[in-house]
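Single-structure report; data block below.
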Protein chains: 2
Amino acid sequence: MYPECIKKIIESFKKLPGIGEKSAERMAFSVLGFEPESLDEFAEAIEDIKKIKRCPICNNITDKDECYICSDSKRNNETIFVVEKPKDVVLFEKMGNYNGKYHVLGGLISPLEGINPEDINIKSLEKRVEENNVKEVIVVLKPSIEGETTMQYIKKILAKYNVKVSKIPIGIPMGTDIEYIDSMTLEMAFEDRQDIS
Amino acid sequence: MYPECIKKIIESFKKLPGIGEKSAERMAFSVLGFEPESLDEFAEAIEDIKKIKRCPICNNITDKDECYICSDSKRNNETIFVVEKPKDVVLFEKMGNYNGKYHVLGGLISPLEGINPEDINIKSLEKRVEENNVKEVIVVLKPSIEGETTMQYIKKILAKYNVKVSKIPIGIPMGTDIEYIDSMTLEMAFEDRQDIS
């Protein structure tokens, strides 16, 4: 029904998150209207994904030897945000006021799924804390059993070092009506309640 | 904040319909997980878009000299579905029970926007009707002033040939609650009312 390349591009688009048959078709037909230069740029960017490596220090994605955060001498080594995925780094970088470093675990401990501490990038975190003058490690993981397990494990292995290990509270997102928040979150937020300053 | 190719791929995804910053980012990070072969296939399909031409008979998209519908000798030449865009052809092909041909206008007449009959692919429709044994032309265009204008124009230029020119009624889509239908559509559907058979 479609020329071969349209068929293939629809198949490729369908592999993307949240894209079904109809959206993929709509996208494919819009690509038909792209300028040749835009097509080149698009295709080239996709090919270049193969050049993406992991930063040997923090495990974030990079196309250099080290990621741009680890190699930035103006950023302090005293604070490390521990996150699950490279995308989480972007979220915090968008806050714009964080000047420390990151550590990307690349997964969460999940005994049920057979994911043990040695399967994720945790050992290197301990090494970073041991070798550098790290003052605070802020663990920011998805509030879930796996997130909590991983957080507790990190707290345990870092206990012997002179470093503060903190987390971000469970609570209600800005602008969200309380009626949309599940009772588990409300209960946890209630336990983490703070004095009004 | 991103490696260069991620930045570029996000920009490319943002050119697609309905894709904003957040979706483009999510899609870019999912491409990071593609196998090398999937990346090749994706990039190649995008490059191959340049090979897409228009069928000289019906103006549908094709990567051959003629589109697969026009070159299919098992399809009859007696019926022509007149549609606006190549994508509309796909919609009707998905019905699965149509065995005639198509004619893609590539636009609608719109005096307000300066689009005249000679700016769209109408002349060749008259030629097809004149030269082939076409029995019926079914005009299926968006119900709008431009669609109506184009439909009337087609009816006029085909009046001198022994061909039936028909349209599809304005009505209520299957499964749609009437409360979601605008009053203009209801009024038109009322005018086009049919006996219950």
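Only the coordinates and a few stated rules stand behind these numbers; no lab work does. None of these values were measured; they are calculated from a predicted model. Neighbour counts are summed over all protein chains in view; Cβ atoms, including those assigned to glycine, are modelled from backbone coordinates with ideal geometry.
What translational diffusion coefficient, in µm²/s and rounded to a whole number, does the Stokes-Einstein relation yield for chain A at 25 °C and a viscosity of 0.890 mPa s, taking the hydrodynamic radius as the Kirkwood radius over Cα pairs? The Stokes-Einstein estimate is 122 µm²/s. Of all chain A C-beta atoms, the nearest to the rotation axis linking A with B is recorded, alongside its rounded Å distance, as A:Ala43, 2. On the basis of the beta-carbon distance and an R0 of 25 Å, B:Glu113 and B:Asp63 show a calculated FRET efficiency of 0.25.
Taking the label point 7 Å along Cα→Cβ, B:Asp72 and its counterparts in the other copies are spaced 5.6 nm apart, in ascending order.
Under 14 Å from a label point set 7 Å out along the Cα-to-Cβ vector of A:Ile52, the amide N atoms of the stretch A:93-113 belong to A:106. Considering the stretch A:75-167 at the alpha-carbon level, its Rg and Dmax are found to be 12.6, 38 Å. Springs between Cα atoms under 10 Å define the GNM used for chain B, and in it the highest mean-square fluctuation of B:Lys85, B:Lys135, B:Lys15 occurs at B:Lys15. Around the amide H of A:Val165, modelled in the peptide plane, lie the amide H atoms of A:Val137, all under 5 Å away and 5 or more residues distant in sequence or on another chain. Placing a label point 7 Å from the Cα of B:Tyr180 along the Cα-to-Cβ direction, the distances to the matching points in the other copies come to 2.1 nm, shortest first. Gaussian network model of chain B, Cα springs within a sub-10 Å range: biggest mean-square fluctuation belongs to which of B:Glu148, B:Glu126, B:Glu47? It is B:Glu47.
Take the Cα of B:Met188, step 7 Å toward its Cβ, do the same at B:Ala159, and the gap between the two points is 2.2 nm. Sorted ascending by nearby beta carbons within 10 Å, beginning with the fewest, B:Tyr180, B:Tyr98, B:Tyr2 become B:Tyr180, B:Tyr98, B:Tyr2.
In order along the stretch B:144-151, the phi-based Karplus estimate (6.51 cos²θ - 1.76 cosθ + 1.60, θ = phi - 60°) of 3J(HN,Hα) comes to 6, 4, 5, x, 5, 4, 5, 4 Hz; Gly and Pro are listed as x. Within chain B, the cysteines lacking any other cysteine Cβ closer than 4.7 Å to their own Cβ are B:Cys5, B:Cys58, B:Cys70. Kirkwood radius for the stretch B:4-51, taken over all pairs of different Cα atoms as the inverse mean of 1/r, rounds to 11.3 Å. When the Gaussian network model of chain B links Cα atoms closer than 10 Å, the mean-square fluctuations of B:Leu105, B:Leu39, B:Leu16 top out at B:Leu16. Among the listed pairs A:Lys7/B:Lys15; A:Lys85/B:Lys8; A:Lys22/B:Lys85; A:Lys74/A:Lys156, those whose Cα-Cα separation exceeds 25 Å are A:Lys74/A:Lys156. Across the stretch B:130-139, computed HN-Hα scalar couplings (Karplus, 6.51 cos²θ - 1.76 cosθ + 1.60, θ = phi - 60°) run 5, 8, 10, 8, 6, 9, 9, 10, 10, 8 Hz from first to last residue, x flagging Gly and Pro. Across the stretch A:18-34, computed HN-Hα scalar couplings (Karplus, 6.51 cos²θ - 1.76 cosθ + 1.60, θ = phi - 60°) run x, 10, x, 3, 5, 5, 4, 5, 4, 5, 4, 5, 6, 5, 4, x, 5 Hz from first to last residue, x flagging Gly and Pro. Give the Rg/Rh ratio for the protein assembly as shown, taking Rg as the radius of gyration of the Cα atoms and Rh as the Kirkwood radius, to two decimals. Reported Rg/Rh (Cα atoms, Kirkwood Rh): 1.13.
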